[in-house]
1. Please identify every one of the chymotrypsin sites (Phe, Trp or Tyr not before Pro) in region 56-125 that sits in a loop by DSSP and has no more than 14 other beta carbons within 10 Å of its own beta carbon.
2. Compute, for region 1-130, the length of the dipole vector about the Cα centre, with Cβ point charges of +1 (Lys, Arg) and -1 (Asp, Glu) only. Units Debye, rounded to 20.
3. Where the only charges are on Cβ atoms (+1 Lys, Arg; -1 Asp, Glu), what is the dipole of region 148-283 about its Cα centre, to the nearest 20 debye?
4. What is the dipole size for the chain, taken about its Cα centre, with +1 at each Lys and Arg Cβ and -1 at each Asp and Glu Cβ, in debye to the nearest 20?
5. So how do 242-253, 202-213, 258-269 stack up, highest first, on mean other-Cβ count within 10 Å?
6. Putting +1 on Lys and Arg Cβ atoms and -1 on Asp and Glu Cβ atoms, find which of LEU324, MET283, LEU296 reaches farthest to the positive end of the dipole of region 261-330.
7. Projecting each Cα onto the charge dipole of region 68-197 (Lys/Arg +1, Asp/Glu -1 at the beta carbon, about the Cα centre), which of HIS156, SER186, GLY76 comes out farthest on the positive side?
8. Taking loop as defined by DSSP and a crowding limit of 10 other beta carbons within 10 Å, which trypsin sites (Lys or Arg not before Pro) in region 276-351 fit?
Amino acid sequence: MITKSLHKRESDLANSHRQLEILSNGIFQNGELPTFKTKISETGQFPLKAKTLEVLQINLGYMCNQVCSHCHVDAGPDRKEIMTRETMQYCLEAIEGSGAHTLDFTGGAPEMNPNFRWFVEEASQLGINDFIVRSNLTIIEANKTYYDLPEFFKRHNIHIVSSLPHWTRGKTDKQRGAGVFEKSISALKKLNTIGYGMPDSPLRLDLVYNPSGAFLPADQNAMEKDFKKILLEEFGIHFHHLFAITNLPISRFLDYLIASENYEDYMYQLVESFNPEAVRNVMCTNTLSVSWDGYLFDCDFNQMLELPVRHKIKHISEYNQELLEGRDIVISQHCYGCTAGAGSSCQGTLA
């Protein structure tokens, strides 16, 4: 199990340009596989265009209390990048002038940002009432600073989307670190106790599944039934939905693919599973991603590859919805991950 980020290890793959080089060369350069641009051109879907903004996804920082093996953010305790209150203020000004109805907080562990609660409260006053927090669950158990997070979430009716790779200790701890499963179960029970995830409860609690190896997720609905049955029978835990998310070949998962000699096979899987129906609903068309330092990206994955929006407006301080709407979305071969099989987004399958 890794304990340090790629950046801390000074890995070659900590450099986004190196990742893009790998994704552009080899089997894509020599024509063995078509580039993503070629593929969507064949189906008449190039260029991808941004539609009306619905979701502002904000990365509050790369700091995290976990170091997960598949993390596309390369987050961890050794990452110190974190959004300042000044940048949050720019985000609030943009929210007022946008049509976004949802604020989606990511990290790292977004709750570790010292201004996280202030940000939620300020956005609430602006009329935002649809919040998503992508929580790793164990942050609730990390130390007393976070023990009251469930009550804070409830007070603001925050939709919690939580990572839980499997209903077994072995598979979860292998992907996320020793002791993560036990702490996750404890956190889920605390959330259930105050109403989260309970049948007919408006306090939404969803779980996220990422495959632990070089394969695509199985059918989301079938897995949801299995997760619900086993978590209820063995731990008395309830939740609303399971989102099955494909691992994209970037950052730590790319590192794993190369180290395990699965990179080319995995890319073949993604390309051969390409689904043009999934392209119609990719999240980059209605979502704008904001980095911890305020720069704008079409999606969280492009943010990690340092592929900014293709527009003269690059920073949240310059935000203009009318100008950004209809822009061409920046793509590369990692986009196959969102369009393989049933498709994949932060809200699970697409088709």
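The values are calculated or read from the model by the stated rules, or taken from the named source; none is laboratory data. Treat the numbers as computed from the prediction; the structure is a model and nothing was measured. For neighbour counting, all protein chains shown are included, and Cβ atoms are generated from backbone atoms with ideal geometry for every residue, glycine included. The protein model used for the area step is the full one, side chains on, heavy atoms only, and it has no ligands, DNA or RNA in it. Shrake-Rupley method; radii C 1.70, N 1.55, O 1.52, S 1.80 Å.
1. none
2. Details: 12 positive and 17 negative charges, 74 e Å.
For this selection, approximately 360 debye.
3. About 580 debye.
4. 540 debye
5. By packing density, highest mean first, the sequence is 242-253, 202-213, 258-269.
6. LEU324
7. SER186
8. Values: sites: ARG280, ARG310, LYS312, LYS314, ARG327; in loops: ARG280, ARG310, LYS312, LYS314, ARG327.
Loop-located and lightly packed - LYS312.
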